[in-house]
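Engineer: Please see the structure below; I have some questions.
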Amino acid sequence: MSVLKPSTGSPRALTGLVAEAADALSALTDANIRIIQDITGRMRILALNALIEAARAGEHGRGFSVVAGEVRSVSTQIADVATELQQSLSGRIGALKDATEQVAGQARAERLVDLALNAIEIADRNLYERTCDVRWWATDAAVVDCAAAPTQGAVDYASKRLEVILSSYTVYLDLWLCDLAGRVIANGRPGRYRVAGADVGHESWYARGRDLASGEDYAVADINACALLGGAQVATYVASVREGGDVHGKPLGVLAVHFDWEPQARAIVQGVRLTPDEASRTRVMLVDAKRKIIAASDGRGLLASEFPLKAEGRPSGSYNDDAGRLVAFHVTPGYETYRGLGWYGVIEQLPH
C-alpha cells in the first residue's frame, strides 16, 4: 500500500523560522529604539542645562538660549519619531507573524485533507478488487454446478475449489455459497468455520445479492462483526450465481466473500505518513455513510460509536471543533467502476 509523504519543509517548521526572524527583527528594533531614546534623553538634559546657564548669563546668554531651545525641540521630535517607529514596526511584525501562522495553518489543513483522501483512496482501490473477485468466482464451474444441484459430491468439490481460492487470497476469512432459500451450502474453510446449513436469509447482504439484476452486478453490506466468523469485522461482497455461469442466466444462488476488514483497515489508517510529533496527537479514521467509525489508528470506537463529522454537504474540507482540534476530511471518490459507499477519510489533530 502507498501513502502520501509529507513535504520536507513542514508548515510548522517554516512558521518557526519566520517567527524566529520576526522576533530577532523585533528585538533589534527595540534595542535601537532604546539607544535613540537614551540619546534624546541626554540631549534634553543638555538642553535644559544650557537654558539654565543661558538664564544665568542674562543678556549675553540670550543667543545661546535660542540654540538650547532648538536642541530640546529637536530631541522631542526625534523621540516622537522613535516612538511612532517602534509602534509601527511592532504592529507590522505582529501582523507578519499572524499572517505566517494563518498560511501555515491553511497548509497544515490542506495537507491533512490530502492525507484523508489518500487513506480513503487506498480503501477504495482495495475494495474495488473485492467487487471483481466475487463476480468472477460466482462463474466458477464448481460453484455454478453446486448451486444447481447441491449433492454431497458437488458440495465437497465446491468447498475444495473455494479453499484453493482462499489459499491464494489471504485477505478473505471465508467464501460462502448460499442457495436461494438463504442457506449456506458450501464454504471454503469448513474445518475452521462450520457454517454449512446456517440460515443467512436475514442478512442484509444476502437479500441484496438475491435481488441483483444480473451476474454483472454486486452488492455490499456495511462493515459488521460476523458472529458466524467468530465476531470478526468483515466487509461482505456478494454476487449472484447463475445458470451456466452466464451473467444473464437464471439465478441459482448467491456467493458471498467475507473480506477480513479489521487488519486491512488498521494498516491503512496506521500507515498514513505522519511525523512523530504529529502521530502523538493525531487520530486517523475511516467512517461509513452513517458516520460510524469503521477504522481508527488508535483502535477506539470501532463499530461502536459515530464521529460527529461536520461535512455540511462538502466532499472535502477542514474545520476546528469546539475543543480546538483540527478536523480534516474527504469523501470516497470511488475507483474505476467502484463508486464507493459514501465513506470518509477523517483526520483529527490536537493543536501543538
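Engineer: Which of the trypsin sites (Lys or Arg not before Pro) across region 154-237 are loop residues per DSSP, with 16 or fewer other Cβ within 10 Å?
Structural biologist: On the way: sites: LYS160, ARG161, ARG183, ARG192, ARG194, ARG208, ARG210; in loops: ARG192, ARG194.
Loop-located and lightly packed - ARG192, ARG194.
Engineer: If you stretched the chain out fully between SER214 and LYS160, how much longer would it get, using 0.36 nm times the residue separation minus the C-alpha to C-alpha distance? It would help to have the intermediate numbers written out before the result.
Structural biologist: Working: separation 54, 0.36 × 54 = 19.44 nm, distance 2.59 nm.
That works out to 16.8 nm of additional length.
Engineer: Enter the accessible area of VAL113 (Å², nearest 10), with the probe set to 1.4 Å and all protein chains included.
Structural biologist: VAL113 has an accessible surface of roughly 20 Å² with all protein chains in place.
Engineer: Still on this structure: Round to the nearest 0.05 the FRET efficiency obtained for LYS310 and THR76 when R0 = 51 Å and r is the Cβ-Cβ distance. Don't skip to the end; give the middle numbers.
Structural biologist: Values: r = 57 Å, r/R0 = 1.12.
The pair LYS310/THR76 has a calculated efficiency of 0.35.
Engineer: Taking only the Cα atoms of region 250-351, how large is their convex hull per residue, in Å³?
Structural biologist: Numbers: hull volume 14.0 nm³, N = 102.
Dividing the Cα hull volume of region 250-351 by its residue count gives 137 Å³.
Engineer: Considering the zone a paramagnetic label at THR337 would reach in this model (a point 7 Å from Cα along the Cα-to-Cβ line), which residues of region 122-138 have amide N under 18 Å from it?
Structural biologist: Only 124-138 fall inside the zone, counting backbone N under 18 Å.
Engineer: Moving to a separate point now. Using r as the Cβ-Cβ distance of ALA323 and ALA267, and R0 as 35 Å, what FRET efficiency do you calculate, to the nearest 0.05? Let's see the in-between values first.
Structural biologist: On the way: r = 28 Å, r/R0 = 0.81.
According to the calculation, E is roughly 0.80.
Engineer: Roughly what would the spin-label model give for ASP222 and ASP277, points 7 Å off Cα along C-beta, in nm?
Structural biologist: Output for this residue pair reads 3.9 nm.
Engineer: In addition: I need the calculated FRET efficiency for the pair GLU129 and ARG192, taking r as the beta carbon distance and R₀ as 25 Å, to the nearest 0.05. Walk me through the numbers before you get to the answer.
Structural biologist: Details: r = 23 Å, r/R0 = 0.92.
FRET efficiency, GLU129 to ARG192: 0.60.
Engineer: What is the spin-label model distance, in nm, from ALA148 to ARG34 if the labels are put 7 Å beyond Cα along the C-beta direction?
Structural biologist: 9.5 nm
Engineer: With all protein chains present, calculate the accessible area of LYS292 using a 1.4 Å probe and round the result to the nearest 10 Å².
Structural biologist: Counting only protein heavy atoms, the figure is 50 Å².
Engineer: Further, regarding this structure: Quick one: putting +1 on the C-beta of Lys and Arg, -1 on the C-beta of Asp and Glu, what dipole do you get for region 164-303 around its Cα centre, in Debye to the nearest 20?
Structural biologist: Details: 16 positive and 16 negative charges, 75 e Å.
Using Cβ point charges on Lys, Arg, Asp and Glu, region 164-303 gives about 360 debye.
Engineer: When only Cα pairs under 8 Å and 6 or more residues apart are kept, what is the percent relative contact order across region 133-226?
Structural biologist: On the way: 102 pairs, mean separation 20.0, N = 94.
With pairs under 8 Å counted, the relative contact order is 21 percent.
Engineer: Which value, in Å², gives the accessible area per residue of region 275-329 when a 1.4 Å probe is used on the protein heavy atoms? Don't jump to the answer; show the numbers that get you there.
Structural biologist: Numbers: 2690 Å² over 55 residues.
That works out to 49 Å² for each residue.
Engineer: OK, next. Dipole of region 179-314 (Lys/Arg Cβ +1, Asp/Glu Cβ -1, origin at the Cα centre): which of GLY299, LEU252, TYR237 lies farthest to the positive side?
Structural biologist: Going by the charge dipole, the pick is GLY299.
The values are calculated or read from the model by the stated rules, or taken from the named source; none is laboratory data. What you are looking at is a predicted structure, and each value in this text was computed from that prediction instead of being measured. Neighbour counts run over all protein chains shown; Cβ positions are idealised from the backbone, glycine included. For the accessible areas, the whole protein counts, side chains as well, though only heavy atoms, and no ligand, DNA or RNA atoms are used. Shrake-Rupley method; radii C 1.70, N 1.55, O 1.52, S 1.80 Å.
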